[in-house]
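Only the coordinates and a few stated rules stand behind these numbers; no lab work does. Keep in mind that this is a model prediction, so the values were computed, not measured. Reconstructed Cβ throughout: ideal geometry from the backbone, glycine too, with neighbour counts over all protein chains shown.
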Amino acid sequence: MFGQAGTGLALGWTPDVFGGERLELLVAQAQLTGRQHDFDALRLALAANTESAYVDLRWAQSEQKILQDNVEIRERALRLTQEPMQYGPSPCLDVTRAQNQLSELQARLPHAAATIQHQLSLIAVYSGRTPESVDVLVLATPVTIPTSSSAVPQMLPSEALMRRPDVRSAYAELTQRAAEVGVAQAYRYPKFSLQLTDGLLASSYRLILVCPRSPTTSSAPRSMRLARFSTPGASRQASSRAKAACASPICISGRPCCRC
């Protein structure tokens, strides 16, 4: 009975002769850059939707305030039209017209209130809040409608276009696809590899009855191999020859094969 233990070190290096590895790195970098620009585009769209909902909210609140003021005006006009009827005959056509105008304005108030609540709900969704928590903010209080800033940065149209995240993401995707074409072309050519191995093999025997002169340790020499070109057919032929050699109990030298 005997046992074997070994340790070794193997180093390998594959030179990038045709640029396939560099192009694969470029593909990964372009893909990462595209995902970052997609995230920026999502943030920009979320901010734009929130701003649009805020402006629509202020518009709806202003419309509601105007409707409420007009309702008060129409109520006073209706009272003034009905007062002459207490002291004498008054045309009923004026009273009916005033009532119709007041009813029309009062019918538009629920729609304005629903629009305000809808915009508040949108802002709550875009900001990650609940619709109930938005009511405690200052958004429920009507203020003036915000206006756009007049300070516009001076730049060329092409520079302004390249600042858009979706355009940058499309450019990164184009770079990625072009690099993938280069990687596919590099796979058409052979690959070169350089390997360096070093190891130590130790054997410990038990119940040794014969061969006292057998060495207990053997050092595997350092070897360097340069594989210039390899094909699947050549690898299968080499593997079959090695298996055939190991299947025979006698080596080429005529001695028993202990390595098999």
Quiz prompt | Derived scalar couplings ³J(HN,Hα) [the range 177-182; Karplus, 6.51 cos²θ - 1.76 cosθ + 1.60; whole Hz; x for Gly, Pro] | solution = 5, 5, 5, 5, 5, x
Practice problem: At 7 Å along the Cα-to-beta-carbon direction for both Phe39 and Glu173, put a label point, then send me their distance in nm to one decimal. | Solution: 1.9 nm
Quiz prompt | Length gained when the stretch Val17-Lys65 is fully extended (0.36 nm per residue, less Cα-Cα span) | solution = 9.9 nm
Quiz item: For the residues Thr33, Thr147, Thr14, what sequence is obtained by ranking on other C-beta atoms within 10 Å, fewest first?
Solution: Thr147, Thr14, Thr33
Quiz item: From the phi of every residue in the range 68-74, what ³J(HN,Hα) in whole Hz does the Karplus formula 6.51 cos²θ - 1.76 cosθ + 1.60 yield, where θ is phi - 60° and glycine or proline is x?
Solution: 5, 5, 5, 5, 4, 5, 5
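Neighbour counts of other C-beta atoms within 10 Å: give me Trp59, Trp13 arranged from fewest to most.
Listing Trp59, Trp13 from fewest to most nearby Cβ atoms yields Trp13, Trp59.
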